[in-house]
């Protein structure tokens, strides 16, 4: 069972590296940045940048995935997937949750944009948005759910073990991972708004960034704790498909 799970984990890391390489091969760097952001000058061809980033991903996300897999074992979590759970839990439920979350993100972004008086968070251009949704779904779940959630839940469990409060430790880890996931979007928001510190981000925009990303993170974390990494990736991927792919295509007609 462990060997099969490690094979699946390795497959996800390899897929993430391949998608990253293809992104640099197919799309210019300028298209990967938000509108209005100037790309840094570089004489390196796309395939070199793609290979370099793919290599970094294999090392960093591979190690994070292995560490998360070990932490899951110590915490009694499914790890990569729950054995015998079936496609309903690996695919069906994550699909439905992801689609629902995507719709919530769309509606909430419109409401926050009206309050903040701005256009809302931008989306990658199509079809780059599909690649971005896949790489974010895989990479961010390996990093934040498998590793960060697992690490903080493990540390919290060490403190709470005498009270046999492993479930409380898991939800502490889930909350920390969701907040860390939200904070990970601060640099791109600062770049988009042209500000030097997180404190300079307008309060409604900062609130939206943390509320919506934390919501996605908590739901993905709940699926990770019950059904494993595959389910968490599914929730994240399908939410991003609605948010970053389908909604921008529909919005141009509204």
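In square nanometres and to one decimal, what's the mean projected area of the convex hull around the Cα atoms of the chain?
Details: hull surface 58.5 nm².
Approximately 14.6 nm², given one-decimal rounding.
Using 5 Å bins from zero, what percent of all Cα-Cα pairs in region 109-247 falls into each bin?
2, 10, 17, 20, 19, 15, 9, 5, 3, 1, 0
Name the residue, out of 86, 50, 221, whose mean-square fluctuation peaks in a Gaussian network model built on the chain with Cα pairs under 10 Å.
86
Please state, as a whole number in µm²/s, the translational diffusion coefficient that the Stokes-Einstein equation yields for region 55-98 at 4 °C and 1.567 mPa s, with Rh defined as the Kirkwood radius across alpha carbon pairs.
107
Could you give the radius of gyration (one decimal) and Dmax (whole number) of the Cα atoms in region 199-254, in Å?
Gyration radius and largest Cα-Cα distance of region 199-254: 14.1, 39 Å.
When the chain is treated as a GNM, springs tying every alpha-carbon pair under 10 Å, which of 56, 205, 104 comes out with the largest mean-square fluctuation?
Comparing 56, 205, 104 in a Gaussian network model of the chain, the most mobile one is 56.
With runs of 4+ DSSP H residues as the only contributors, calculate the mean residue ellipticity of the chain at 222 nm using -39,500 (n - 2.57) per run, divided by the residue total and rounded to the nearest 500.
That calculation yields -23000 deg cm²/dmol at 222 nm.
Quick check: the distance between the Cα centres of region 190-215 and region 125-185, to the nearest angstrom?
Here the answer is 20 Å between Cα centres.
Can you give the FRET efficiency to the nearest 0.05 for residue 47 and residue 3, using r as the Cβ-Cβ distance and R₀ = 25 Å?
According to the calculation, E is roughly 0.15.
Output the relative contact order of the chain, whole-number percent, from Cα pairs under 8 angstrom with separation of 6+ residues. Walk me through the numbers on the way to the answer.
On the way: 333 pairs, mean separation 73.4, N = 254.
It comes to 29 percent, rounded to a whole number.
Each value in this text was obtained by applying a stated rule to the coordinates, not by laboratory testing. These numbers come from a predicted model, not from an experiment. A quick note on method: Cβ atoms are made from the backbone with ideal geometry, for glycine too, and the neighbour counts reach across all protein chains shown.
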